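Report on the structure given below.
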Amino acid sequence: MKEDWISIILEEARSQGLTRQALAFPACGGKIDIDGKEILNFSSNDYLNLAHHPHVVDRSRQALEKYGVGATGSRLVTGTLPIHEELEARIAKEKGYPSALVFGSGYLANAGTIPVLAGRNDTIFADKLVHASMIDACRLSGAKLVRFAHNDFQSLESRLQEFPNLGNRQLILTESVFSMDGDLAPLKEIAALADQYGAMLMVDEAHASGTFGPHGAGLIRECGLENAVTVSMGTMSKAFGGYGGFIACSENLRKLLIQSARAFIFTTAPPPAVIGAALGTLDVLEASPNLGACLQANAAYFRELLQAGGLDTLQSESQIIPVVIGDNKKALAVSQKLREQGIIAAAIRPPTVPSGTARLRLSVSLAHTLDDLERAAELISKAVKNS
Ligand SMILES: Cc1ncc(COP(=O)(O)O)c(C=O)c1O
C-alpha cells in the first residue's frame, strides 16, 4: 500500500517508451567481446580507448598498491594524498590555469562549484541544453536561473539585457562540446559577452577534455580563452577512460572552494587507483599529442558516411554524433535491431534530450577502425531508414 505509487509511475514510463534500464555489460570500451562475438560499441565514452591502456592501468595499479583501495578520509581531514596534489598541478598546467581542484566525479565538480560561484541573490544564465549536473547545481545554489537558446549568443545577450547586473553576481554556463548533440559552443562570442556584461563564465569540458586542443587540453585552450573563462570544468570519466572530476581556476577561487564547496568537503577523497589512472592518461596525452586530432578525423569520416546514407547528424562537429529519430519507441526499436547486428547504439530519450528528439547517440572511439566505421554506418543507415 505504502509503495503503490511506485508501480503507477513505472507503468506510466513504460507506456511512453521511457523505461530506463541499467543493463550489465560484459566489458567496457569501443569494441567489446560478448560470448565470443565482436561487438562495436558506439555508446562508450572511452573516446581515446584508454580505459585498458597498459600505461594507464599500470599507474593505477601502482597507486593502488602504494596507498590501498581507498583514500580513507575526506580531502580536508586525511584524504588528500600526494597524488591528488600531483594531479591537480598537472591539470592546472595542461589547462593553462593557475590551479585546479579534483572532485569525486564530474557531477560533483559541477554540484560543488556552481553554488559557490552564485547564491540566492545572483543570476545564472545557462544554455538550454547544459547537462543535468549543471542544472541540479543551479537549483542547489538558490540563484535565479535564466535559460538562453542553445548555442545562440544573441539570445544570451538579450537575456543579459533583460536581467541586468544590479550589483550582484552573474554567471554564464555552457558546455564546449555538447554531450547529446556533439556540437560546439561559440566560446569566443560567449566569452566576449561575459566580459562586456561583467559576468563570470564557467565551461563544462566533459567531452572536450582529451579530445580537443593541444595534448587534449580542451576547446578553451584551443581557442586561447583561459583568461576569459573563469572556470574550466572537466571529467576523468570520458576520454580519460577512468573516473573523477575536476575544475581549473584561479588560486583564490580554489581556496574559496576548499572552504565552502560542500560536494568537495563532505565526501571521501577520490580513491588512489582512479587518481593514478588519471595521471597515466595525462602521460599518454603528453607522449601522443595527436590522439584527439585522430579521433576528430575518424569522427568526421563517420559523419560523412552517415550523411551519405541519408541521415541527419544535426550540427555535430565532434566525436559525438546524434541521429535523431523522434519517437521514443521507434528509437528503442532501432537500437534493439542494431544490437542484434553487433552494433551498440543506445537510444537516448527524454528527459535526457528534449521531448520528440529521441535519438541514437553515437560516439566514435579510437578502438574503431575505418572498416568498423564503414560497416557500422551502413547498418545504422539501413536500420534507421527501415524503421
Ligand atoms: C556535460 C557533462 N557534464 C558533466 C558530466 C558528469 O560527469 P561524471 O560522469 O564524471 O560525473 C557529464 C557526464 O555524465 C556530462 O556529459
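The values are calculated or read from the model by the stated rules, or taken from the named source; none is laboratory data. Being a predicted model, the structure only gives us computed values, none of them experimental. Don't worry about glycine lacking a Cβ; one is built from the backbone with ideal geometry, like all the others, and counts go over all protein chains shown. For the accessible areas, the whole protein counts, side chains as well, though only heavy atoms, and no ligand, DNA or RNA atoms are used. Shrake-Rupley method; radii C 1.70, N 1.55, O 1.52, S 1.80 Å.
General remarks:
- Breaking point among (1) open to solvent by 30 Å² or more (accessible area, probe 1.4 Å); (2) away from the ligand (no atom under 16 Å from the Cβ); (3) modelled with pLDDT under 95; (4) within 24 Å of the chain's Cα centre (by Cα), for GLY36: (4)
- Of everything in region 348-364 that is aliphatic (A, V, I, L, M) and surrounded by fewer than 23 Cβ atoms within 10 Å (Cβ to Cβ), the residue that is modelled with the highest pLDDT is ILE348.
- Residue that is nearest to ILE265 (Cα to Cα), among those in region 61-79 that are free of Cβ contacts under 8 Å to residues at least 60 places away in the same chain and open to solvent by 100 Å² or more (accessible area, probe 1.4 Å): VAL77
- No other residue among ILE325, ILE320 is more than 21 Å from ALA206 (Cβ to Cβ), among the β-branched types (Val, Ile, Thr), surrounded by 14 or more Cβ atoms within 10 Å (Cβ to Cβ) and touching a Ser or Thr at 6+ places or on another chain (Cβ under 7 Å) apart from ILE325.
- Search result, residues across region 1-33 that are β-branched (Val, Ile, Thr) and over 30 Å from the mean Cα position of the chain (by Cα): ILE6, ILE8
- Taken over region 180-192, the criterion of being open to solvent by 10 Å² or more (accessible area, probe 1.4 Å) and either in contact with a strand residue (DSSP E or B) (Cβ under 7 Å, 6 or more places away or on another chain) or aliphatic (A, V, I, L, M) (or both) is satisfied by MET180, ASP181, LEU184, ALA185, ALA192.
- In region 218-246, the residues that are among the aromatic types (Phe, Trp, Tyr) and either surrounded by fewer than 22 Cβ atoms within 10 Å (Cβ to Cβ) or modelled with pLDDT under 95 (or both): TYR243
- Filter result for ALA239 (in contact with a helix residue (DSSP H, G or I) (Cβ under 9 Å, 6 or more places away or on another chain), more than 14 Å from the ligand (Cβ to nearest atom) and not hydroxyl-bearing (Ser, Thr, Tyr)): no
- Subset of region 328-347 (residues that are over 24 Å from LEU295 (Cα atoms) and open to solvent by less than 10 Å² (accessible area, probe 1.4 Å)): ALA331, VAL334
- Going through (1) closer than 18 Å to ASN252 by Cα; (2) out of contact with any strand residue (DSSP E or B) (no Cβ under 6 Å at 6 or more places or on another chain) one by one, PHE103 falls short only on (2).
Quick grid of which residues meet (1) open to solvent by less than 40 Å² (accessible area, probe 1.4 Å); (2) of a type in the set (S, T, N, Q):
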| site | (1), (2) |
| --- | --- |
| ALA13 | yes, no |
| THR19 | no, yes |
| ALA27 | yes, no |
| LYS31 | no, no |
| LEU40 | yes, no |
| SER44 | yes, yes |
| TYR47 | yes, no |
| ALA51 | yes, no |
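- Once region 185-230 is narrowed to residues that are of a type in the set (Asp, Glu) and either in a loop (DSSP other than H, G, I, E, B) or in contact with a Lys or Arg (Cβ under 7 Å, 6 or more places away or on another chain) (or both), the residue that is nearest to the ligand (Cβ to nearest atom) is GLU205.
- Residues of region 89-105 satisfying the condition of being open to solvent by less than 10 Å² (accessible area, probe 1.4 Å) and out of contact with any Asp or Glu (no Cβ under 8 Å at 6 or more places or on another chain): ILE91, ALA92, PHE103
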